[in-house]
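The values are calculated or read from the model by the stated rules, or taken from the named source; none is laboratory data. Every value quoted in this text rests on a predicted model; they were computed, and no experiment measured them. Please note: Cβ atoms are built from the backbone with ideal geometry, for glycine as well, and neighbour counts cover all protein chains shown.
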Amino acid sequence: MPLCHHRGVIRAELGLGILGTALWVYCLLDVIMTDESRIRNLNKGTWILVVLITSVVGAVAWLVAGRPEASPRGGLPYKGNRGTAYPEYDRPGRAVATNPDDDAEFLRKVRERAEAQMAEAKRQRAERERAEREAVERERAARRAREEELQRKRDEAARTDPTSEPDAPLPEA
């Protein structure tokens, strides 16, 4: 066979390889950048794995079965073009906001929660005050004990040395 025939095959294979790689990269980026709520058939993570692992086959599968369908008005972001997805407040199944003053159940729950929070705050304040009182009482008892010990040592020193003054400071040991 002539050598020029092989060059044509090599060029064709190289071109197809470049096209396949470009398609794979495009589809991988498309999966990553597409909003998960618009993806069809599988979740986003599974589509990423399918495209990553199966290369060109996964890219074609994404284009056929996973990519969101184009909106009937076109996919361009013109003013007023909201695409196929529902706007946040028009989403089916979303609870409609009502006037809270007209909802007795809501007001009752708010009152109960406020009362429970106030009761808990009072309990915590009482606990904190009790702990502070106990700490003050412990400090007073310790001070009394130190004063009694000091007085006992003075009295003992006065009994052993009658010439010392009763309120004189004790020599430090």
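Is one or more of the residues making up the stretch 15-25 of a type in the set (V, I, T), under 19 Å from E69 (Cβ atoms) and within 34 Å of the chain's Cα centre (by Cα)?
No, there is no match, as no residue in the stretch 15-25 is of a type in the set (V, I, T), under 19 Å from E69 (Cβ atoms) and within 34 Å of the chain's Cα centre (by Cα).
Quick check on E115: is it charged (D, E, K, R) and modelled with pLDDT of 95 or more? Walk me through it before giving the result.
Working: charged (D, E, K, R): yes; modelled with pLDDT of 95 or more: yes.
It is true that E115 is charged (D, E, K, R) and modelled with pLDDT of 95 or more.
Within the stretch 30-62, track down each residue that is of a type in the set (S, T, Y), touching a residue at least 12 places away in the same chain (Cβ under 8 Å) and out of contact with any Lys or Arg (no Cβ under 8 Å at 6 or more places or on another chain).
Let us first name the residues in the stretch 30-62 that are of a type in the set (S, T, Y), namely 34, 37, 46, 54-55.
Within this subset, residues satisfying the condition of being touching a residue at least 12 places away in the same chain (Cβ under 8 Å) are 34, 37, 55.
If the condition is that a residue be of a type in the set (S, T, Y), touching a residue at least 12 places away in the same chain (Cβ under 8 Å) and out of contact with any Lys or Arg (no Cβ under 8 Å at 6 or more places or on another chain), then S37, S55 are the ones that fit.
It is to be established whether one or more residues within the stretch 56-73 are at positive phi, surrounded by fewer than 12 Cβ atoms within 10 Å (Cβ to Cβ) and assigned to a loop (DSSP other than H, G, I, E, B).
Of the residues in the stretch 56-73, the ones at positive phi are none.
No, the stretch 56-73 has no match at all.
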